[in-house]
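Student: One structure follows; several queries about it will come next.
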Amino acid sequence: MHQENVLQKSIAFIKETLAGAEGGHDWQHISRVWNTAKYIAGYEKSDQFIVELGALFHDIADSKFHSGDESIGPKIALKFLLSIEVDEPAIDHVIKIIENISFKGGNELLTFKSPELDIVQDADRLDAMGAIGIARTFSYGGFLNREIYNPDIPPNLQMTREEYKKSAAPVINHFYEKLLLLKDRMNTGKGRELAIERHDFMEQFLAQFYREVGKEVSW
Ligand code: ADP
Ligand code: NI
């Protein structure tokens with residue numbers, strides 16, 4: 001099947017699969033990551049088709065919404081891409097992107113590395129930052145009925161992957177446990193550049209937040 005056709009069929013499948021998803025992990029998130037990934041790919045030597053498919057399928061079944069099961073996303077992508085007869089090396093690469101993109105505390109060694117994964121991961125991380133990142137974080141916190149802020153529960157910066165996945169901390173803590181760490185973990189030059197403005201905006205948001213709750217930033 002022609003690449004453009006594969007992308008069109010994939011988009012239709014993903015929109016259908018993600019209908020009714022939580023507001024931070026819906027088709028709009030995928031669409032933003034896809035666009036940002038294409039933009040970054042314009043500055044990096046990479047296979048654009050793999051970048052696009054990786055971005056489109058990266059959250060096809062996020063383990064957070066499937067009882068922690070990390071094998072469902074890769075399985076769904078594999079089944080669909082085989083059904084539309086995408087080449088096996090391309091499918092293999094897309095599956096590796098889905099398996100390796102997630103932050104999950106960020107303290108794990110990566111098992112797979114490629115320019116295409118670097119690009120999609122940067123695009124996904126950028127969507128976790130800035131105004132959109134803030135909105136998504138509160139959307140997810142609301143979805144889980146989390147506290148917004150609790151001055152008695154400090155962030156935990158030393159979480160293992162399991163602790164991170166199980167964490168029920170207030171939403172503000174997520175800024176310290178993940179969002180503010182992303183700027184220094186970007187893979188590409190363009191990603192690093194785009195991260196600066198979004199990082200600064202989150203810092204401004206937090207400063208204003210603490211002014212309004214009448215508290216010094218203590219962590
Ligand atoms: P992970 O951090 O598990 O790799 P994602 O990249 O899918 O997960 O996270 C996407 C977004 O979901 C985060 O940037 C954030 O907005 C929201 N999110 C994930 N975990 C939490 C959490 N514990 N508290 C608040 N928001 C969260
Ligand atoms: Ni994502």
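The values are calculated or read from the model by the stated rules, or taken from the named source; none is laboratory data. For clarity, every value in this text was computed on a predicted model and none was experimentally measured. Cβ coordinates were reconstructed from backbone atoms using ideal geometry, including for glycine residues, and neighbour counts include every protein chain displayed. Just the protein is used for accessible areas: all its heavy atoms, side chains included, with ligands, DNA and RNA removed. Shrake-Rupley method; radii C 1.70, N 1.55, O 1.52, S 1.80 Å.
Student: Please determine whether any residue of the stretch 141-156 is at negative phi, at pLDDT 95 or above, loosely packed, with under 13 Cβ neighbours inside 10 Å and not in a loop (DSSP other than H, G, I, E, B).
Tutor: No.
Student: Right, here's the next one. Any chance you could count how many residues in the stretch 33-48 are under 10 Å from PRO115 (Cα atoms) and within 16 Å of ligand 1 (Cβ to nearest atom)?
Tutor: Qualifying residue count, the stretch 33-48: 0.
Student: Of all the residues that make up the stretch 141-195, how many are of a type in the set (Asp, Glu) and within 16 Å of ligand 2 (Cβ to nearest atom)?
Tutor: Looking only at that region, the number is 0.
Student: Another question, if that's okay. Hey, among the residues in the stretch 64-79 that are open to solvent by 10 Å² or more (accessible area, probe 1.4 Å) and within 12 Å of ligand 2 (Cβ to nearest atom), which one's farthest from the chain's Cα centre (by Cα)?
Tutor: PHE65
Student: Which residues, taken from the stretch 83-112, are of a type in the set (D, E, K, R), more than 8 Å from ligand 1 (Cβ to nearest atom) and either at pLDDT below 95 or part of a helix (DSSP H, G or I) (or both)?
Tutor: Of everything in the stretch 83-112, those that are of a type in the set (D, E, K, R), more than 8 Å from ligand 1 (Cβ to nearest atom) and either at pLDDT below 95 or part of a helix (DSSP H, G or I) (or both) turn out to be GLU88, ASP92, LYS96, GLU99, GLU108.
Student: With the requirement that a residue be under 16 Å from ASP118 (Cα atoms), of a type in the set (Val, Ile, Thr) and within 16 Å of ligand 1 (Cβ to nearest atom), what does the stretch 49-82 give you?
Tutor: Just the residues of the stretch 49-82 that are under 16 Å from ASP118 (Cα atoms), to begin with: 49-59.
From what's left, of a type in the set (Val, Ile, Thr): 50-51.
Result: no residue meets the conditions.
Student: Regarding ILE84, is this residue over 23 Å from ASN187 (Cα atoms), in contact with a Ser or Thr (Cβ under 8 Å, 6 or more places away or on another chain) and not polar (S, T, N, Q)?
Tutor: So ILE84 passes the test.
Student: Restricting the stretch 1-51 to residues that are acidic (Asp, Glu) and closer than 19 Å to ILE97 by Cα, which is nearest to ligand 2 (Cβ to nearest atom)? Working first, answer last.
Tutor: Step one: of the stretch 1-51, the residues acidic (Asp, Glu) are 4, 16, 22, 26, 44, 47.
Adding the requirement that they be closer than 19 Å to ILE97 by Cα leaves 26, 44, 47.
Numbers: ASP26: 10, GLU44: 19, ASP47: 20 Å.
This residue is ASP26.
Student: Can I ask one more? Testing GLU70 on (1) closer than 25 Å to GLU162 by Cβ; (2) acidic (Asp, Glu); (3) part of a helix (DSSP H, G or I), one condition comes back false. Which one is that?
Tutor: Looking at each condition in turn, GLU70 falls short on (3).
Student: If you check every pair at least six apart or on different chains, which have Cβ atoms under 7 Å apart with a residue in the stretch 78-104 that is within 17 Å of LYS9 (Cα to Cα) and touching a residue at least 40 places away in the same chain (Cβ under 8 Å) first and a residue that is in a helix (DSSP H, G or I) and open to solvent by 80 Å² or more (accessible area, probe 1.4 Å) second?
Tutor: From the stretch 78-104, the pairs are ILE84/LYS9.
Student: I'm trying to understand the selection: among the residues of the stretch 121-140, which are loosely packed, with under 14 Cβ neighbours inside 10 Å and within 15 Å of ligand 2 (Cβ to nearest atom)?
Tutor: The answer is ALA135, and nothing else.
Student: Which members of the stretch 170-183 meet the condition of being open to solvent by less than 20 Å² (accessible area, probe 1.4 Å) and over 19 Å from GLU212 (Cα atoms)?
Tutor: The answer is GLU177, LEU179, LEU182.
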